[in-house]
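The values are calculated or read from the model by the stated rules, or taken from the named source; none is laboratory data. The model shown is predicted, which means the values in this text are computed figures rather than measured ones. Cβ: placed from backbone, ideal geometry, glycine included. Neighbour counts: every protein chain shown.
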Amino acid sequence: MVPTPNPEEPLDPAVMVATLPGPSRKRSPSPYCYRLTYRTPEPAAPGCALLWDVFGGRLTYQIALERESSGALRWYCTCADAVYRGELAHHLCKHVRGLQALGRRRAESPASSAFCAAPEAGPG
């Protein structure tokens, strides 16, 4: 049994949960967890500014927010949609759009943070 967090305790600011269309053909709403894994100590410097792991789909993905030397920000995701369609046109996958929609809000439910536990390694 997973203990229920005390609703009075603040959520980990590095973890957010969004409901996105799921990975199945039915695209049923599914929870996706975004866990911040890296934040640059120099936010104005060019390079990787923020990095998240995304859990909830078929695979675990990574999203990166890069600051270009011009100061502009660019999003990257390792999902197939972003890899195959993101380079040719201004296309953002559902994972990036979901993260952008969350902004700096808190997660919807304290119990949802249990969903964001790192996936267990399989045998072998």
### the range 84-99 residues that are part of a loop (DSSP other than H, G, I, E, B), paired with ones that are aromatic (Phe, Trp, Tyr) and at pLDDT 90 or above (beta carbon under 9 Å, 6 or more apart)
Gly86/Trp75; Gly86/Tyr76; Leu92/Trp75; Cys93/Tyr61; Cys93/Trp75
### Query
Just for the range 46-67: of the residues that are at pLDDT below 95 and not in a strand (DSSP E or B), which one is nearest to Thr19 (Cα to Cα)?
Gly56
### Task
Search the range 73-124 for residues being touching an Asp or Glu at 6+ places or on another chain (Cβ under 9 Å) and among the small types (Gly, Ala, Ser), and hand back the single one that is modelled with the highest pLDDT.
Ala118
### Query
Which of the residues that make up the range 63-74 are touching a strand residue (DSSP E or B) at 6+ places or on another chain (Cβ under 7 Å) and either among the hydroxyl-bearing types (Ser, Thr, Tyr) or free of Cβ contacts under 8 Å to residues at least 24 places away in the same chain (or both)?
Ala64, Leu65, Glu66, Glu68, Arg74
### Query
Before we move on, is Arg39 touching an Asp or Glu at 6+ places or on another chain (Cβ under 9 Å) and modelled with pLDDT of 90 or more?
no
